[in-house]
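Before any comments, here is the structure.
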Amino acid sequence: MFRSYYGLAFNPFDKQLTLEKDRFQSRDMGEMLHRLDYLKETRGIGVFTARPGMGKTFALRCFAKSLNPSLYHMEYICLSTVSVAEFYKQLCAILGVDSKGGKPGMFRAIQEQIYYLYKEKRQPLLLAVDEAQYLSAGILNDIKMILNYGYDSVNCFTLILCGEPHLNNTLRRPVHEALRQRITVHYNFQGLSDKEVSEYVLHKISCAGGAPSIIGTAALSAIHSHSQGNPRLVDNLMTDALALGAQMDQKSITPEVILAAVGNQNLT
């Protein structure tokens with residue numbers, strides 16, 4: 001109901017309706033995309049960490065959308081807790097190679113396919129592993145071995161590890177020293193600044209055909225203080241605020257409406 005009340009074509013704060021072309025270019029988004037653009041040319045490992053809801057997976061999606069498929073082969077894995085064997089089987093599946101022969105056979109098939117994409121097809125692999133904080137020491141160790149080509153003289157593919165901040169603690173362990181030395185780029189999301197929260201909300205409203213008068217300046221400030229610059233919390237808060245505002249017959253979202261939405265979201 002609030003869509004028609006506020007003149008919106010759709011709920012601009014529903015992540016399922018957010019198109020890559022309509023992304024808000026926050027500092028975090030820009031920093032991650034800049035590093036990924038560098039990484040796709042140099043190859044190696046990129047590590048991107050953020051608290052849940054900060055937008056790293058969406059940034060990754062935007063990057064994938066920007067790639068020329070005739071020049072790059074992008075694959076994405078979202079991990080829960082898996083064993084080394086399961087991880088190998090997932091890699092075999094996405095690369096379209098046989099998963100027979102146990103771990104040695106899968107390892108060989110994976111390396112050969114990665115090298116084929118790089119050398120013969122001229123479409124180097126970019127492998128993005130999301131929720132990488134769940135990677136076991138065994139998987140991280142095998143990733144290091146998969147990276148070894150030509151006596152460690154050639155980077156054949158790009159590995160992108162995305163996860164929550166404690167992924168950094170895992171990578172700092174002495175056992176992962178060799179892998180950590182291979183990390184080419186590293187970025188930890190900072191969250192939206194106070195100014196960016198206001199710009200983010202107004203940008204999303206504009207993308208749905210709404211007017212900036214839908215929300216007042218004081219209400220925008222209230223959103224930042226309760227969301228701590230987390231885009232997902234901003235989205236949830238604004239969806240609630242729009243629904244409440246329409247129910248309360250508020251043509252413009254006020255701080256009071258935001259506070260009511262904060263109570264609904266248990267953000268107090």
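The values are calculated or read from the model by the stated rules, or taken from the named source; none is laboratory data. Everything numeric here is computed off the predicted structure, so don't read it as measured data. No Cβ is skipped: glycine too gets one built from the backbone with ideal geometry, and neighbour counts run over all protein chains shown. Accessible surface is based on the protein model in full, side chains and every heavy atom, while ligands, DNA and RNA are left aside. Shrake-Rupley method; radii C 1.70, N 1.55, O 1.52, S 1.80 Å.
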State which residue pairs qualify: first residue under 12 Å from Ile114 (Cβ atoms) and inside the stretch 88-102, second residue open to solvent by less than 50 Å² (accessible area, probe 1.4 Å) and of a type outside the set (Val, Ile, Thr) in any location, beta carbons under 7 Å apart, and separation of 6 or more residues or different chains. Cys92/Met106; Cys92/Ala109; Ile94/Glu75; Leu95/Gln113; Val97/Ala109; Val97/Gln113
State yes or no: is Ser198 modelled with pLDDT of 95 or more and more than 30 Å from Thr42 (Cα to Cα)? yes
Failed criterion for Asp152 (all others in (1) closer than 23 Å to His186 by Cα; (2) in contact with a helix residue (DSSP H, G or I) (Cβ under 9 Å, 6 or more places away or on another chain); (3) at pLDDT below 90; (4) surrounded by fewer than 19 Cβ atoms within 10 Å (Cβ to Cβ) hold): (2)
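Among what's in the stretch 201-252 and is assigned to a loop (DSSP other than H, G, I, E, B) and farther than 12 Å from Tyr6 by Cβ, pick the residue that is modelled with the lowest pLDDT. First the steps, then the outcome.
Step one: of the stretch 201-252, the residues assigned to a loop (DSSP other than H, G, I, E, B) are 208-211, 216, 228-230, 248-252.
Pick out the ones that are also farther than 12 Å from Tyr6 by Cβ and you get 216, 228-230, 248.
Values: Gly216: 93, Gln228: 89, Gly229: 93, Asn230: 96, Met248: 93.
The qualifying residue modelled with the lowest pLDDT is Gln228.
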Keeping to the stretch 27-54, report how many residues are surrounded by fewer than 19 Cβ atoms within 10 Å (Cβ to Cβ) and of a type in the set (Ser, Thr, Tyr). 2
Is there any pair with a first residue in the stretch 120-146 that is open to solvent by 20 Å² or more (accessible area, probe 1.4 Å) and a second that is among the hydrophobic types (A, V, I, L, M, F, W, C) and in a strand (DSSP E or B) whose Cβ atoms are under 8 Å apart and which are 6 or more apart or on different chains, and what are they? Glu131/Cys78; Glu131/Cys162
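Collect the residues in the stretch 1-26 that are open to solvent by 70 Å² or more (accessible area, probe 1.4 Å), closer than 29 Å to Leu167 by Cβ and not in a helix (DSSP H, G or I), keeping them in residue-number order.
Residues of the stretch 1-26 open to solvent by 70 Å² or more (accessible area, probe 1.4 Å): 1, 3-4, 9, 15-17, 19, 21, 23, 25.
Pick out the ones that are also closer than 29 Å to Leu167 by Cβ and you get 15-16, 19, 23, 25.
Within the stretch 1-26, Leu19, Arg23, Gln25 qualify.
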Would you say Gly96 is open to solvent by 50 Å² or more (accessible area, probe 1.4 Å), more than 17 Å from Thr158 (Cα to Cα) and either at pLDDT 90 or above or in contact with a helix residue (DSSP H, G or I) (Cβ under 6 Å, 6 or more places away or on another chain) (or both)? yes
